[in-house]
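Structure first, commentary second.
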Amino acid sequence: MNWLIHDYREDDLAAVVHLIDSTAGLGQESVFSLAECIAALTSRQPAVVAVHDGVPIGAALAQVAGAGERAWVMRIAIAPAWRGRGLPSALLRELERRLVDARVRRIAYVLPEEELLGEGLRNAGYERRPAAAYFEKTEPAAGSAAGSLEELGGRVLGGDLWEQVAGMTAEKDLIERRIVLPLAEPERAARHGVRPPRAITLFGPPGTGKTTFARAIASRLGWPFVELLPSRLADEGNLAAALRSAFTRIGELERVLVFIDEVEEIAPVRGEAGQGGGGGVGGGMHAMHGVTNELLKLIPGFRERDGRLLVCATNSVRSIDPAFLRTGRFDYVIPIGTPDPAARAAIWSRYAPALGRTDVDVTALVEASERFSPADIEHAARLAAQTAFERDDAEAGASTADYLDAIAASRPTVTTAMVEAFRADIGSHARL
């Protein structure tokens with residue numbers, strides 16, 4: 001397998017239409033017309049697209065009927081060079097998963113057949129059409145997996161979050177190679193003796209995009225995203241038991257990315273939790289030790305199954321119990337730092353020039369925003385836009401001066417001391 005499958009996006013329309021149209025005479029016919037397929041795509045009916053080196057090579061689309069009880073698979077179109085490689089089955093599986101997530105129970109596929117219709121139908125005014133071979137698949141009742149995902153507060157994210165991560169090229173490249181590709185192409189990984197990762201930790205100063213990366217990975221893979229919030233789980237009265245219950249429900253999902261932010265709250269260095277008055281999510285040192293131990297027991301079971309990834313994030317990797325992060329539990333411990341100049345330029349370019357304005361000096365903004373996190377840049381850009389809005393002069397959009405004033409008025413989240421600590425943590429904790 002040498003492709004990546006993602007949810008259909010608007011900019012895929014031309015390529016998908018070409019695939020449908022150009023393969024109609026290659027044994028990939030459909031009882032649905034090209035116009036009906038286009039109508040389904042433009043109305044955001046479920047569809048998935050396979051790409052290789054950024055080029056669409058296959059697509060599968062469906063039409064959900066009525067109240068959503070049944071869906072019709074309208075078309076699976078494969079570029080000729082990719083036939084016979086298992087791509088149709090992979091696309092159908094991905095499409096079925098989207099339909100099951102939407103609580104569709106009956107999935108029908110109508111294929112053309114070369115049987116003639118009866119003479120009586122012609123006499124009744126019918127035009128000759130190929131007869132149909134009708135295939136239908138009944139999924140299990142939508143209670144288990146779909147219900148578990150809903151109970152966990154999980155959801156399938158949009159398919160474009162990876163592309164929205166501006167800059168951070170080195171981090172994206174590392175995560176693409178180490179995390180995304182082995183999970184997206186498990187057969188290729190197995191052929192080279194690579195075991196796809198099951199658990200990773202992202203660490204770095206606050207606001208540098210760890211949560212954004214976790215969501216983007218789920219989007220890139222097309223997997224449901226479930227965030228476990230320790231504070232919310234603690235509301236159930238017993239955090240260790242709540243964690244165990246959550247992982248049991250997670251086990252009912254076929255594929256999932258589980259995200260735990262500020263994981264140091266539930267896996268602190270043992271001997272430190274709860275000091276100074278028994279604080280912390282677990283309510284004291286003994287309780288927190290129990291939570292840490294419970295999580296340590298849950299991770300091996302989570303790792304046993306394919307189609308799942310645990311992503312933990314922390315602002316203070318040195319505060320996490322070393323036993324928690326050891327090799328065998330976590331495959332990679334990846335630093336996510338503040339954007340370098342190239343990344344800051346990419347992020348600023350998302351906000352400036354605004355509204356077609358071409359005189360904004362992005363280089364000046366990059367130089368003035370050293371140590372700014374992506375969140376800091378977004379905040380400063382919003383301040384500059386507000387200034388332009390309140391001024392409301394003839395030229396729309398914020399000027400370079402507006403952005404520089406906003407940068408000067410903003411305090412970077414990341415201090416020099418944080419940067420120095422982060423660099424030290426890379427040397428002592430990173431595992432790439």
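The values are calculated or read from the model by the stated rules, or taken from the named source; none is laboratory data. Since the structure is predicted, the reported quantities are computational estimates derived from the model, not experimental observations. Ideal geometry is used to build each Cβ from the backbone, glycine not excepted, and the neighbour counts take in all protein chains shown.
For segment 356-374, which residues satisfy the criterion of being among the hydroxyl-bearing types (Ser, Thr, Tyr) and within 13 Å of ALA345 (Cβ to Cβ)?
THR363, SER369
Kindly provide the set of residues from segment 375-409 that are of a type in the set (Ser, Thr, Tyr) and either farther than 18 Å from ALA345 by Cα or in the same structural domain as THR211 (by TED's automatic domain parsing) (or both), ordered by number.
Result: THR387, single match.
Conditions (1) surrounded by fewer than 17 Cβ atoms within 10 Å (Cβ to Cβ); (2) among the hydroxyl-bearing types (Ser, Thr, Tyr); (3) under 19 Å from GLU187 (Cβ atoms), marked per residue:
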residue: HIS6; (1), (2), (3): no, no, yes
residue: HIS18; (1), (2), (3): yes, no, no
residue: ALA35; (1), (2), (3): yes, no, no
residue: PRO46; (1), (2), (3): no, no, no
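Can you name every residue in segment 359-398 that is loosely packed, with under 15 Cβ neighbours inside 10 Å, of a type outside the set (Gly, Ala, Ser) and over 33 Å from the mean Cα position of the chain (by Cα)?
Answer for segment 359-398, where residues must be loosely packed, with under 15 Cβ neighbours inside 10 Å, of a type outside the set (Gly, Ala, Ser) and over 33 Å from the mean Cα position of the chain (by Cα): ASP359, PHE389, GLU390, ARG391, ASP392, ASP393, GLU395.
Could you figure out which of (1) under 30 Å from LEU296 (Cα atoms); (2) out of contact with any Lys or Arg (no Cβ under 9 Å at 6 or more places or on another chain) isn't true of TRP348?
(1)
Looking at segment 234-257, I want the residues that are modelled with pLDDT of 90 or more and part of a loop (DSSP other than H, G, I, E, B) and have a partner that is hydrophobic (A, V, I, L, M, F, W, C) and buried (at least 17 other Cβ atoms within 10 Å of the Cβ) with Cβ atoms under 6 Å, at least 6 apart or on another chain. Which pairs are those?
Filtered contacts from segment 234-257: no entries.
Which residue out of PRO182, PRO224, PRO206 is surrounded by fewer than 16 Cβ atoms within 10 Å (Cβ to Cβ) and modelled with pLDDT under 95?
The match here is PRO206.
Quick check on segment 336-348. Is at least one of its residues of a type in the set (S, T, N, Q), surrounded by 23 or more Cβ atoms within 10 Å (Cβ to Cβ) and out of contact with any Ser or Thr (no Cβ under 6 Å at 6 or more places or on another chain)?
Scanning segment 336-348 turns up no residue that is of a type in the set (S, T, N, Q), surrounded by 23 or more Cβ atoms within 10 Å (Cβ to Cβ) and out of contact with any Ser or Thr (no Cβ under 6 Å at 6 or more places or on another chain).
When you scan segment 127-163, how many residues do you find that are at pLDDT 80 or above and out of contact with any helix residue (DSSP H, G or I) (no Cβ under 7 Å at 6 or more places or on another chain)?
4
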